[in-house]
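I have placed the structure first, in the form of structure tokens, so that the comments after it can refer back to it.
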Amino acid sequence: MQFFVDPSRCIGCQSCLNACEECETHRGVSMINFDFVDRRESIATAAYVCFHCEDPTCAEVCPADAIKKGDDGIVQSALEPRCIGCANCVLACPFGIPKLHPKRELMMKCDMCYDRTSVGKKPMCATVCPSQALTFATPETIARERREVPTNTFQFGRETVKTKVFMMTPVGVDEVSIDVADYMWEARA
Amino acid sequence: MAKVPGSADAIRDQFGPHLNFEPAGGWQHESQHAPDKLVKTHCCFCGQQCGIQLKVRDNRVVGFEPWEEFPFNQGMLCPKGVKRYLQSGHPDRLLDPLMRTDAGFRPTTWDEALGTTVRRLRELQAKYGRDAVAVYGGASLTTEKAYLVGKFARVALGTRHIDYNGRLCMVSAGTAYKPAFGADRSPIPWSDIPKAQVLLVIGANVGECAPITTSYIWRCRDRGGQLIVVDPRFTPIARNADLYLPVRPGTDLQLLMGMLHIVLRDGLENRAFIEAHTTGFEAVAESVKPYDPRAVAERTGVPPEAIERAAHMFAKAERAILLHARGLEHHSKGVENCSAAINLCLATGHFGREGSGCAMITGQGNGQGGREHGQKCDQLPGQRSIDDPKAREHVARVWGISPEELPGAGYSAVEIMEAIHRGEIKGLLSICFNPLVSLPDATFTREALERLEFFGVIDFFLSETAQHADVVLAGSLQEEEEGVVCTAEGRVVHIRKAVDPPGNARGDASIFCDLAARLGKGQYFPYREPREIFEELREASRGGIADYYGITYERLDREMGVFWPCPSEDHPGTPRLFEGGVSMHADGKCRFQLTPWRESGDPVDADYPVYLTTGRVVSQYLSGTQTRRIGALVEQYPEPRVEIHPRLAATFDVDTGDLVTVTTRRTELTLPCAVVKTIRPDTVFIPYHWAGDKSANRLTHRTIDPRSKIPEFKVSACRLAKAGQAHAQLPTATGASRV
């Protein structure tokens, strides 16, 4: 099973954000990154989990060696005794995922619900997501059921980042206007 | 008489709304203690009735776990479902019955509270007649409770005035579907939605008001289905629409008739279906002749070629589904709007087969079940008409009374409030209804409540309406009483009891039974538990339209719900109604209905040039009695904002965060605005979940549809003015502030 993020399906309900903080291992702390892209211009919203990079920048820049990647490819939250709360990882992550919790002087981020996936459950966010903008499924299921195409290769300038989590990309999308006025009859009169 | 006692601050300090952010004992405590049990049940919010498992410890709901096996939502939940557990153990919860005093409310004994309620209701009925007392019910009650409320009003009190807050929900749809097909229910199960080739979603903000339905719509798109969205606002699902029609508020009827005009002009109707399965086509065909695309574009603001394209997409599809909700129904011509939607489906033959049809997306928790069994002013159990002598005879026999003792049809919800206002109705007993927030023209509603000679309320929190009560009977939350509900798709499901009511609060059903006993009618209300009510309800509904006779609690658990009608225990239930295009009318035909045009009851003019439309946000439920007390849900959308297009905003120089005064023919309201391009420039939107000086329903008007009696929430006329600056922001992620 793999994790697939598809912002085009997101309806901005924030169910993921609310459900994440209900997980037993970190109740009260949500690890979901959620954004209104530009509410004035658009209703578009996007919810993200950690992308779990193959070569995680957050770990590379950590001066305290507090961020570990497991054999399963999951990049863990900072180890509590090691993390010095310097926020290097927060600044360095190309996806803007890690968050520093000032009270605890600790970086915390999505670990893809290890407690749930290790017992055969889906991550909490991907379970509750009403629009399946966050989906945990086999690549075969995604290939069979979705029009969008998964990719896990991202280009940041000349830097290529490969990740464990997949992003769904649209196919055959033309230019889309998002201003209601552009659709109206009176607009042309 | 019934003004809010004491100071508003004192009431707020004592009864809230306070915000509950964490489970009892705090997050840390909660992480360290396992629940005693997981209870498989359903969310208490909205007509989707998602399956959910409630974590229970020490007689408290302390969290949730997704219930992935339940077929409708497969573990999916919206934020309201995720956070619903925080109403359990809430500091605002009423733990005792209350009596009003000059200074506020004091806790009392059940004996005094029930005794006073019965004495006052009896006095009023003796002095002014039986119909001087009315009963309000609610569509978030279990079906057992809804049935009981209807029976209590008619048998224990003998009043004809019993109605419910579902009157503010989908009654226009029901009132249109019944004459067309003979039944008021979504004709399709939701599993049909992904099978359509074209989905026409009109007046339904699915992403925010029925979030789980989004998954069905996206699955349809995944299979190559096309999506048409009709709405004055660019709603979250509109972002993925193949065609978006920005209809002007109140002109949906023009649009639908215009689409039918194009279908018939271009010969795209399904003649075989029309001839085999329908009546009344010719008159409707004649009626749409004047609705040519150009004329319709002028009225609706939708370009003619977009209307043409929508009509062609819908008619040419082999399978197409039309979904509608309050945006189509909340109009003084709400029934005509829904009938026009049905006409379009019938004319194109999109009806009565897999992946084809029309459906109302019922909004309230038990919006479907709550209207089927007798708390509607004109219906008896089983969706029977109260005017039908055979129905009266059947129900009277089940209830052990004579048909003559059974009152006739009474006033609807808005009409009851108007009768209170003019002094015709003197006493009111209300459960599960917060009319001060949810009825239109809140100033009028407050005046009416202040004129009541006696007002009794059954509730678990002291809602804004309950603050006007003389007696408040501390009732139960959904998770505190067993029962059934019927979901938007017509599936009857089992609500399991997870916890007992806390303190001295009691199950709602037992409160009604005690009141009935004290009214000397105890022999008609002998129930010890909800199951006994359900057994009687099965009989009462037997042979009716909404026939529950074959449904048992055990079947609901085993089969994950049963779709009605289900006339016998070996009947599989009926996920798709009207299979093959055969209606429930005696002749089996579906009936086209004429849909004459009417102007709005609050027309836009030079003094009030802008349309005001109201609706919901994803993090709040109805009048907010529950959801305005849950911290995370309030943080997500803390207060109402006036959504306004940049072009309109520029005409009076406001930007996001500025305060705007919105004035209608009733009164004015000042709120921060959010400047967004996702709304028509001639329209503003305000969500209605709040009370007092944030109540959008102070602005709305009391015009109702003459048949469905639904208020016209979706069209008011207003003007706007800049009022100053606030500190409001455009919506941002709530996570940032919580982390």
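Taking only pairs six or more apart or across chains, which ones have beta-carbon atoms under 6 Å, a first residue in region B:16-43 that is in contact (Cβ under 8 Å) with a residue 40 or more places away in the chain and under 29 Å from B:Ile212 (Cα atoms), and a second residue that is of a type in the set (S, T, N, Q) and buried (at least 17 other Cβ atoms within 10 Å of the Cβ)?
Taking only residues 6 or more apart or on different chains, the pairs are B:Lys40/B:Gln53; B:His42/B:Gln49.
Sort through B:Thr625, B:Thr595, B:Thr613 and tell me the only one that's more than 30 Å from B:Ser140 (Cβ to Cβ), surrounded by 23 or more Cβ atoms within 10 Å (Cβ to Cβ) and of a type in the set (Val, Ile, Thr).
B:Thr595 is the lone residue from the list that is more than 30 Å from B:Ser140 (Cβ to Cβ), surrounded by 23 or more Cβ atoms within 10 Å (Cβ to Cβ) and of a type in the set (Val, Ile, Thr).
What's the number of the condition A:Asp182 fails, among (1) over 30 Å from B:Ala295 (Cβ atoms); (2) open to solvent by 50 Å² or more (accessible area, probe 1.4 Å)?
(1) is the only condition that A:Asp182 fails.
Give me the pairs, please: first residue somewhere in region B:365-394 and assigned to a helix (DSSP H, G or I), second residue anywhere and of a type in the set (Gly, Ala, Ser) and open to solvent by less than 30 Å² (accessible area, probe 1.4 Å), beta-carbon distance under 6 Å, and either six or more positions apart or on two chains.
Partner pairs satisfying both residue conditions: B:Gly370/B:Ala139; B:Gly370/B:Ala146; B:Gly370/B:Gly166; B:Arg371/B:Gly166.
With the condition being touching a Pro at 6+ places or on another chain (Cβ under 8 Å), I'd like the strands (runs of 3 or more DSSP E) fully within region B:413-500 carrying at least 3 qualifying residues.
In region B:413-500, the matching strands (runs of 3 or more DSSP E) lie at B:471-474.
For the subset of region A:79-94 comprising residues that are closer than 27 Å to A:Arg158 by Cα and of a type in the set (A, V, I, L, M, F, W, C), which member is surrounded by the most Cβ atoms within 10 Å (Cβ to Cβ)?
A:Cys89
Working carefully through the options B:Leu264, B:Leu255, B:Leu268, find the one that is over 20 Å from B:Cys46 (Cβ atoms) and open to solvent by less than 10 Å² (accessible area, probe 1.4 Å). If you could, list the steps in order and put the result at the bottom.
Values: B:Leu264 fails: open to solvent by less than 10 Å² (accessible area, probe 1.4 Å); B:Leu268 fails: open to solvent by less than 10 Å² (accessible area, probe 1.4 Å).
Just one listed residue meets the conditions, B:Leu255.
Could you list all residues from region A:69-97 that are under 11 Å from A:His52 (Cα atoms) and not polar (S, T, N, Q)?
Passing the criteria: A:Lys69, A:Gly70, A:Asp72, A:Gly73, A:Ile74, A:Val75, A:Cys93, A:Phe95, A:Ile97.
Which residues, taken from region A:1-24, are part of a helix (DSSP H, G or I) and within 7 Å of chain B (Cβ to nearest Cβ)? Quick ask: steps written out before the conclusion?
Initial filter on region A:1-24 (part of a helix (DSSP H, G or I)): A:7-9, A:15-20, A:24.
Of everything in region A:1-24, those that are part of a helix (DSSP H, G or I) and within 7 Å of chain B (Cβ to nearest Cβ) turn out to be A:Ser8, A:Arg9, A:Ser15, A:Leu17, A:Asn18, A:Ala19, A:Glu24.
For A:Ile32, all conditions in the list (1) within 14 Å of chain B (Cβ to nearest Cβ); (2) surrounded by fewer than 22 Cβ atoms within 10 Å (Cβ to Cβ) hold save one; what is the number of the exception?
(2)
Just a yes or no: is a residue in region A:57-74 modelled with pLDDT under 95, among the charged types (D, E, K, R) and surrounded by 22 or more Cβ atoms within 10 Å (Cβ to Cβ)?
no
Taking the condition open to solvent by less than 30 Å² (accessible area, probe 1.4 Å) and over 30 Å from B:Phe454 (Cβ atoms), does B:Pro71 pass?
no
Check B:Gln620 against each of (1) away from every other protein chain (no Cβ under 14 Å); (2) surrounded by 23 or more Cβ atoms within 10 Å (Cβ to Cβ); (3) touching a helix residue (DSSP H, G or I) at 6+ places or on another chain (Cβ under 8 Å); (4) assigned to a loop (DSSP other than H, G, I, E, B) and name the one condition it does not meet.
(1)
Taking the conditions exactly as written (among the acidic types (Asp, Glu), in contact with a Lys or Arg (Cβ under 8 Å, 6 or more places away or on another chain) and part of a loop (DSSP other than H, G, I, E, B)), does B:Asp184 satisfy them or not?
Spelling it out, B:Asp184 is indeed among the acidic types (Asp, Glu), in contact with a Lys or Arg (Cβ under 8 Å, 6 or more places away or on another chain) and part of a loop (DSSP other than H, G, I, E, B).
Would you point out the residue of region B:227-252, among those that are assigned to a loop (DSSP other than H, G, I, E, B) and acidic (Asp, Glu), that is most open to solvent (accessible area, probe 1.4 Å)?
B:Asp242
With region B:80-164 as the region, which strands (runs of 3 or more DSSP E) entirely inside it contain at least 3 residues that are open to solvent by 10 Å² or more (accessible area, probe 1.4 Å) and within 14 Å of chain A (Cβ to nearest Cβ)?
In region B:80-164, there are no strands (runs of 3 or more DSSP E) which contain 3 or more residues that are open to solvent by 10 Å² or more (accessible area, probe 1.4 Å) and within 14 Å of chain A (Cβ to nearest Cβ).
Here is a yes/no grid of residues against (1) closer than 15 Å to B:Pro97 by Cα; (2) surrounded by fewer than 24 Cβ atoms within 10 Å (Cβ to Cβ):
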site: B:Val485; (1), (2): no, no
site: B:Pro502; (1), (2): yes, yes
site: B:Phe512; (1), (2): yes, no
site: B:Ala516; (1), (2): no, yes
site: B:Gly520; (1), (2): no, yes
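Scan region A:6-53 for residues that are hydrophobic (A, V, I, L, M, F, W, C), under 26 Å from B:Gly63 (Cβ atoms) and under 13 Å from the mean Cα position of the chain (by Cα) and report the count.
Of the residues in that region, 10 qualify.
Does B:His29 count as more than 9 Å from chain A (Cβ to nearest Cβ), at pLDDT below 95 and not in a strand (DSSP E or B)?
yes
Name every residue in region B:549-583 that is in contact with a Lys or Arg (Cβ under 8 Å, 6 or more places away or on another chain) and part of a helix (DSSP H, G or I), in order of residue number.
Once the filter is applied, which keeps residues that are in contact with a Lys or Arg (Cβ under 8 Å, 6 or more places away or on another chain) and part of a helix (DSSP H, G or I), region B:549-583 yields B:Tyr553, B:Glu579, B:Gly580, B:Gly581.
For B:Val562, state whether it is β-branched (Val, Ile, Thr), closer than 23 Å to B:Glu482 by Cβ, in contact (Cβ under 8 Å) with a residue 60 or more places away in the chain and surrounded by 22 or more Cβ atoms within 10 Å (Cβ to Cβ).
yes
Condition test on B:Ser583, is it of a type in the set (Gly, Ala, Ser), touching a helix residue (DSSP H, G or I) at 6+ places or on another chain (Cβ under 8 Å) and open to solvent by less than 50 Å² (accessible area, probe 1.4 Å)? Explain how you work it out, then say what you get.
Numbers: of a type in the set (Gly, Ala, Ser): yes; touching a helix residue (DSSP H, G or I) at 6+ places or on another chain (Cβ under 8 Å): yes; open to solvent by less than 50 Å² (accessible area, probe 1.4 Å): yes.
So B:Ser583 fits the description; yes.
Given region A:90-189, what strands (runs of 3 or more DSSP E) lie entirely inside it while holding 1 or more residues that are of a type in the set (D, E, K, R) and facing another protein chain (nearest Cβ under 10 Å)? Can you show your working first?
Values: elements: A:99-101, A:106-108, A:134-137, A:149-156, A:159-169.
Per the criteria, A:99-101.
The values are calculated or read from the model by the stated rules, or taken from the named source; none is laboratory data. Predicted model, so just to flag it, every value in this text is computed and none were measured. Because the Cβ atoms are built from the backbone with ideal geometry, glycine has one as well, and the counts that use them run over all protein chains shown. Heavy atoms of the whole protein, side chains included, go into the accessibility calculation; ligands, DNA and RNA do not. Shrake-Rupley method; radii C 1.70, N 1.55, O 1.52, S 1.80 Å.
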